[in-house]
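Taking it in order: structure first as structure tokens, then the write-up.
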Amino acid sequence: MTFDFVEPVVFAVLSIGVIAGGVAVVMLNRITAAALLMAFTFLSMAGMFVLLGAETIAAFQVLIYVGAITVLILYGVMFTKFSTSPRALFFQKQTPLAAVFVAAVAVPIVIVATLSFTGAPPRPGGGDLPALATSVFTDFAFPFEIASVLLLAAMVGAIVLTKRDDQEEAAARRRR
Amino acid sequence: MPDYSLSYVYVFAFFVVGAIFVTLLLTLSRLVAPRKATKEKLRTYESGEEPTGQAWGRYPTHFYVFALLFVVFDVEVIFLFPWAVLFRSLGVAGLVEVIVFIGILVVGLYYAWKKDALNWY
Amino acid sequence: MPVGPFGIDPLIWAPLRLVIAVGLALFLVLNGALLQIYLERKIQAIIQDRLGPYHVGPFGLLQTFADALKLISKEDVRAAATDGWFFVAAPALVFCPMLASWAVLPFAKDIVGTNLNIGLLYLTTLGSMTVLGIVIAGWASNNKYALVGGLRSAGQLISYEIPQILALVSVALVVGSLSMIDITRSQTGPFVNVLILPFSFLIYFIAALAETNRTPFDLPEAESELVAGWLTEYSGMRWGTMLALSEYGNVTVVCAIVTTLWFGGWQGPGVDAIPLLGVLWFTLKVYAFIVVMMWIRATLPRLRIDQLMSFCWKGLIPMALVNIVAVATLALAFPNTLVPIAIANWLLVVVFVAGIPFFQRRRLATLRARARASATPAVRAAS
Amino acid sequence: MTVPLGAYIAVSAVLFFTGCAGVLVRRNAVVILMCVELMLNAANLALVAFSRKYGSIDERGSVFVIFVFVIAAAEVAVGLAIILSAYRNRPVVDVDEIHQMKG
């Protein structure tokens, strides 16, 4: 008995999940629903990484995207009041224009990409962590340090942006 | 099937069993439990006070700083795990890199501390 | 013909292993919830010199069964203002990651769901998924208490996740692998990891108390302040899955992680002769930690939210980073022995435990000074 | 039977252009951030797929994915901070109305 049919089936299910989630994020009016479906897309994407044999990347994907970024975005949704009327969420004039533009660029690229990369399957098997660690800490040591500087800049910038407002608000409260 | 695929089939099976289990429990409860909804019963519970307005609105942004710091340190962690597994073969160079990395992020933590962003009002 | 563990054909053993692992996990979660609620009530009662449940069954043992039956047959009230699908999906979002954690936790030699290469990373990942369920639950309730409770709970969970993960990293540093089986096997005989890494154990255990909303960090669902926080609008079995099953399940999971990482997992006397004895040792160790958690609940008062946050960000996280750097440096400097790491770690424990009262006193002094400075002249004259 | 590389690239491209359309069409700033995340994720899929296929043992492509994670986290953190900051001054998250608040 062989289980060769499993991989294409799993791939098909995951790709439907990824694309349906992505389309839902674009189409849905309710932001919380969009955020949750974005998390769903990320989870399906993690499944694809597992299918490709990149288990470490899949774990990082869930850790960063589902665990951190989605929560951050949900926080952002909660701190802003959004309009619930459906038409308020879309540009009115640009919509057909954008659709035509994206379709014109996307369709050829998708077709070319699909047809040009046939051939041997990716190598599953997992165990990509040692290779990853070696690359990051030897060849990519400098980008690695730059990454920390980038994170520091993001941290400082975001704190400045949110803190300034807190002080202003506190000052306003004191004046009142 | 290779061992690798099998492991993740197991992981997936655990998730599916969890979902099925929750659904079963809730269905069982739905079959057994009475359902007599009244208008008063379905009102939002606000400690016995009259509920006023919706809860969805603006909340102060100091919550946000913690989420932000969490994201930054979470990203730090994804570098620490590969390093922790291989740090014996990476040797002193890897250790120095990671210490510099942690050091730069600790500067950010110190900045948040001094900016009074680590206080929850 | 290849022969798998226990002399069973591998082709049969593979699905059988899955069934055993899922079954054991579900059994532990269900049973654990029932038993832990009973234990919690009984231990609280003993410590507070009360009787606790004693009516239903011998020693009140059947009390929680009765409670569970009551929960199932209770009306499931869904307030009109709640947000449809999210409200329904939240319990599953909290429950599934908890159950999936059991996939990599070894009950005994060969009795484990799977042996992932990235077991520790997988556990961290699942821990971070729970937060999503809680935020969604708080949001979907459309209730101010629930939303504030959800935000507070999420803030607490994400904050304490960092020291938790950092503690795990220090274990990975010493063992050199992320696989739970390898970590268990690396602790032979009496030399369990807690002797080498007591400080990371301490950090993990404190953070785990916060992650599972146990006292002294149970303020996301503080009944007296937030009318049970993000669970306010949940009732009936929905509440049962959220709180009774998931929360107590999470308690069991973190205790199992502590057992596997720092206390040798299923290893114990007589395991080599009878492998199934490992399940017993594992369960006993897990329950020992659960009892410790209940003891802590009876002993310590609840923290305030700002104390909680500053304890994490100003105390635990810097100390955990120091711990990682110290462990890595010493492991590179003395590649053949773990004794320096152990000494450094015990020193860190002493510093940490001695430092808390010191910093507390200094903080109180600054607070008093600030209060004195900001007081009005009349108050100052009066005092 | 296995999945060819082209299938992964196709999924990646479709997701990328979905995100692209979202950025162009939506006017809610938070949703635009989400769509940018989708695009980054699509790029990740392509990177990992190519890395598994053509990369030698050192996984260069996957390393880039890790750096993409860093950038995505930084971007969302600062982006949301800007949105919240703009929102503080005037309670609006629609990008075509934010330009009204000059100075």
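The values are calculated or read from the model by the stated rules, or taken from the named source; none is laboratory data. Just so you know, these numbers come straight off a predicted model, no measurement behind them. No Cβ is skipped: glycine too gets one built from the backbone with ideal geometry, and neighbour counts run over all protein chains shown. Ligands, DNA and RNA are stripped out before the accessible areas are found, and what is left, the full protein with its side chains, is counted by its heavy atoms. Shrake-Rupley method; radii C 1.70, N 1.55, O 1.52, S 1.80 Å.
When you look at B:Phe87, is it more than 8 Å from chain A (Cβ to nearest Cβ) and crowded, with 20+ Cβ neighbours inside 10 Å, yes or no? In short, yes. Taking (1) among the basic types (Lys, Arg); (2) in contact with a helix residue (DSSP H, G or I) (Cβ under 6 Å, 6 or more places away or on another chain); (3) modelled with pLDDT of 80 or more in turn, C:Lys109 satisfies each apart from (3). Determine if segment A:17-27 includes at least one residue that is modelled with pLDDT of 80 or more, under 25 Å from C:Ile118 (Cα atoms) and assigned to a helix (DSSP H, G or I). Yes. Could you tell me which residue of segment D:1-48 is nearest to A:Thr70 (Cα to Cα), considering only residues that are open to solvent by less than 20 Å² (accessible area, probe 1.4 Å) and touching a residue at least 60 places away in the same chain (Cβ under 8 Å)? Step by step, filter segment D:1-48, then rank; the result is D:Val30.
Filter segment B:22-37 for residues that are under 15 Å from C:Ala92 (Cβ atoms) and of a type in the set (Val, Ile, Thr) and give the result. Answer for segment B:22-37, where residues must be under 15 Å from C:Ala92 (Cβ atoms) and of a type in the set (Val, Ile, Thr): B:Val22, B:Thr23, B:Thr27. Scanning segment B:6-19 for residues that are more than 23 Å from the chain's Cα centre (by Cα) and closer than 17 Å to C:Ala90 by Cβ yields a count of 0. Any residue in segment C:183-194 that is farther than 27 Å from C:Asp272 by Cα, surrounded by fewer than 21 Cβ atoms within 10 Å (Cβ to Cβ) and either within 13 Å of chain A (Cβ to nearest Cβ) or in contact with a Phe, Trp or Tyr (Cβ under 9 Å, 6 or more places away or on another chain) (or both)? For segment C:183-194, residues farther than 27 Å from C:Asp272 by Cα, surrounded by fewer than 21 Cβ atoms within 10 Å (Cβ to Cβ) and either within 13 Å of chain A (Cβ to nearest Cβ) or in contact with a Phe, Trp or Tyr (Cβ under 9 Å, 6 or more places away or on another chain) (or both): absent. Considering segment C:230-261, the residues that are more than 12 Å from chain B (Cβ to nearest Cβ) and in contact with a Leu (Cβ under 8 Å, 6 or more places away or on another chain) include one that is most open to solvent (accessible area, probe 1.4 Å), namely C:Leu243.
State the number of residues belonging to segment C:86-114 that are over 19 Å from C:Thr241 (Cβ atoms) and facing another protein chain (nearest Cβ under 7 Å).
Just the residues of segment C:86-114 that are over 19 Å from C:Thr241 (Cβ atoms), to begin with: C:103-114.
With the extra rule that they be facing another protein chain (nearest Cβ under 7 Å), the set shrinks to C:103, C:113-114.
Counting residues in segment C:86-114 that are over 19 Å from C:Thr241 (Cβ atoms) and facing another protein chain (nearest Cβ under 7 Å) gives 3.
Scanning segment C:280-320 for residues that are open to solvent by less than 10 Å² (accessible area, probe 1.4 Å) and over 23 Å from C:Val253 (Cβ atoms) gives C:Met309, C:Trp313. Could you check, for segment C:62-74, whether at least one of its residues is among the β-branched types (Val, Ile, Thr) and open to solvent by 40 Å² or more (accessible area, probe 1.4 Å)? For segment C:62-74, residues among the β-branched types (Val, Ile, Thr) and open to solvent by 40 Å² or more (accessible area, probe 1.4 Å): absent. For segment A:52-137, the helices (runs of 4 or more DSSP H) that sit wholly inside it and include 1 or more residues that are under 30 Å from C:Ile165 (Cα atoms) and either within 13 Å of chain C (Cβ to nearest Cβ) or at pLDDT 80 or above (or both) are A:55-61, A:70-79, A:129-134. Using the structure shown, decide if B:Thr38 is at pLDDT below 80, open to solvent by less than 40 Å² (accessible area, probe 1.4 Å) and of a type in the set (S, T, N, Q). No, not satisfied.
For segment C:153-182, a residue qualifies if it is open to solvent by less than 10 Å² (accessible area, probe 1.4 Å) and not hydrophobic (A, V, I, L, M, F, W, C), and the qualifying residues are C:Ser153, C:Gly155, C:Gln156, C:Ser159, C:Tyr160, C:Glu161, C:Pro163, C:Ser170, C:Ser179. Among the residues of segment C:115-152, those identified as assigned to a helix (DSSP H, G or I), of a type in the set (Ser, Thr, Tyr) and either facing chain A (nearest Cβ under 10 Å) or surrounded by 24 or more Cβ atoms within 10 Å (Cβ to Cβ) (or both) are C:Tyr122, C:Thr124, C:Thr125, C:Ser128, C:Thr130. Checking B:Phe70, B:Phe81 one by one, the residue that is buried (at least 23 other Cβ atoms within 10 Å of the Cβ), more than 7 Å from chain A (Cβ to nearest Cβ), among the aromatic types (Phe, Trp, Tyr) and closer than 30 Å to D:Ala81 by Cα is B:Phe81 and no other. Considering each residue of segment C:95-102 in turn, none proves to be part of a loop (DSSP other than H, G, I, E, B), open to solvent by 10 Å² or more (accessible area, probe 1.4 Å) and more than 21 Å from A:Ala33 (Cβ to Cβ).
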